[in-house]
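Beneath this line is the structure, given in structure tokens, with notes to follow.
The values are calculated or read from the model by the stated rules, or taken from the named source; none is laboratory data. Predicted model, so just to flag it, every value in this text is computed and none were measured. All Cβ positions, glycine included, derive from the backbone under ideal geometry; neighbour counts span all protein chains shown.
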Amino acid sequence: MPSLPQERRRTEHRNPASRSLDRLSTQAILRLMNREDRKVAVAVGREIPSIARAVDVIVTSVQKGGRLFYVGAGTSGRMAVLDAAECPPTFGVAPRVVQALIAGGRTAITGAVEGAEDSVANAVRDLRAKKINRDDVVVGIAASGTTPYVRSALAFARKRGAATVAVTSNRKAPIARDAQIVIAAEVGPEIITGSTRLKAGTSQKLVLNMLTTAAMVRLGHVYQNLMIDVALTNQKLRVRGLRILTEASGANPAAAQHALRQSGHDLRVALTMLKTGVDAKSARARLVLAKGNLRKALGE
């Protein structure tokens, strides 16, 4: 796959504002970074129509039993791993629903793996092992838009009939031709030339946050603005769960605690009990009848 000429790769351009970076004071460096970082949210905002299209595709996929796969290398891969890892505890979904593949495997999460991002074959191997199919969505993440591992993954996903999304900082990059939906937050040159762990990495974090958060809200894993499916796996989260239940139901802490115990520490069941006045068994039945739609189970 031919690489993008450097003069067209905006992530490799030199930033005129930082040409004297090594001569600046600490505060001047930080103020410059802060000014450049302000451009990131604006650039991401311009991509909301494309991000919305991707969210709708993800929602449809997951409703059919499909999965969301992130694919990236280096910083992009680490952003992917972070976002995927946060979905089960935050939204109560199974780990299979959102997965991340990083070039070089687990070793690459904490360190560089020589040549990993250039491996076309490994991308195919990694996705084949996941049994990618037409119900899945594959999101390829590459700031430069040229990473062979990511481009190969998108090509293989298309062959398998999966929906494809590209997240990049270079709209004219080859990756823009590899996917059905292109999210190109063009944040401009970095203050350290080519260091895409900076603005480009921040834009990726924002985009991935939007993809999974909006999708999970649409899929019903949030009630109002509360994490109704949060996993109550430690003391801090159990306290948070009780707080969520009291705020969502309007019940006092003692009543909420009782409902939580009766429900087997299932926030959905406990909330249904408190808001409809039924016992745990009836609350579960209402949720089953509503096919898991909490608002419907509550009659809202």
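Here are some notes:
- All of L32, L24 fail the test of being crowded, with 16+ Cβ neighbours inside 10 Å, assigned by TED's automatic domain parsing to the domain that holds A200, at pLDDT 95 or above and over 13 Å from S169 (Cα atoms), apart from L32.
- Test: residue in the stretch 184-200 that is within 23 Å of P89 (Cα to Cα) and assigned to a helix (DSSP H, G or I): no
- Of all residues in the stretch 253-300 being charged (D, E, K, R) and touching a residue at least 40 places away in the same chain (Cβ under 8 Å), the one that is farthest from M227 (Cα to Cα): R295
- Residue that is touching a residue at least 60 places away in the same chain (Cβ under 8 Å) and among the hydrophobic types (A, V, I, L, M, F, W, C), where the choices are V81, V40, V113: V40
- For the stretch 252-300, residues that are aliphatic (A, V, I, L, M) and assigned to a loop (DSSP other than H, G, I, E, B) total 3.
- Filtered residues of the stretch 202-213 (kept if touching a residue at least 12 places away in the same chain (Cβ under 8 Å), surrounded by fewer than 22 Cβ atoms within 10 Å (Cβ to Cβ) and not charged (D, E, K, R)): T202, L206, N209, M210
- Matching residues, the stretch 49-74, being more than 12 Å from the chain's Cα centre (by Cα) and outside any helix (DSSP H, G or I): K64, G65, G66, R67, G72, A73
- Every condition in (1) in contact with a His (Cβ under 8 Å, 6 or more places away or on another chain); (2) more than 25 Å from S203 (Cβ to Cβ) holds for F91 except the one numbered (2).
- Close pairs from the stretch 155-168: first at positive phi, partner polar (S, T, N, Q), Cβ under 8 Å, at least 6 apart: G161/N133
- Residue that is surrounded by the fewest Cβ atoms within 10 Å (Cβ to Cβ) [pool: residues in the stretch 123-162 that are among the small types (G, A, S) and under 15 Å from I183 (Cβ atoms)]: S144
- So I175, is it surrounded by 24 or more Cβ atoms within 10 Å (Cβ to Cβ), among the aliphatic types (A, V, I, L, M) and touching a Gly at 6+ places or on another chain (Cβ under 6 Å): yes
- Per the listing K281, K199, the residue uniquely within 30 Å of R10 (Cβ to Cβ) and at pLDDT 95 or above is K199.
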